[in-house]
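The structure appears right after this line, and notes come after that.
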């Protein structure tokens, strides 16, 4: 009964993102003590719990990154690339301005 509930929860993906090895071990040990699963099944079940947890974490991270990217795209905030390009352009303009100032000073001295 508990094993089926645990399987159902994992299949639904509920809570798998927070499975740690210790937590998985405690749940599986409890199932073994209650006779729901055998000792030989426990290792595979622990590994499965941890793998599903890692998969869920990756999926959550992927979805969060997607949402964040969409939010950034909708905002008026510049990207790092845009800021870098603007900085480079500012440096070029500073150099050009310094050159023009020198030329004007030189012309004024003549």
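Residue separation of residue 21 and residue 40 scaled by 0.36 nm, minus their Cα-Cα distance, works out to 5.1 nm of gained length. The slack between residue 32 and residue 76, meaning 0.36 nm per residue of separation minus the straight C-alpha distance, is 10.3 nm. Label sites at residue 106 and residue 84, each approximated as a point 7 angstrom past Cα along Cα to Cβ, lie 3.5 nm apart.
Each reported figure results from applying straightforward, stated rules to the coordinates on display, with no laboratory input. All of these numbers come straight from a predicted model, not from anything done at the bench. Cβ sites come from the backbone with ideal geometry, for glycine too, and all protein chains shown count toward neighbours.
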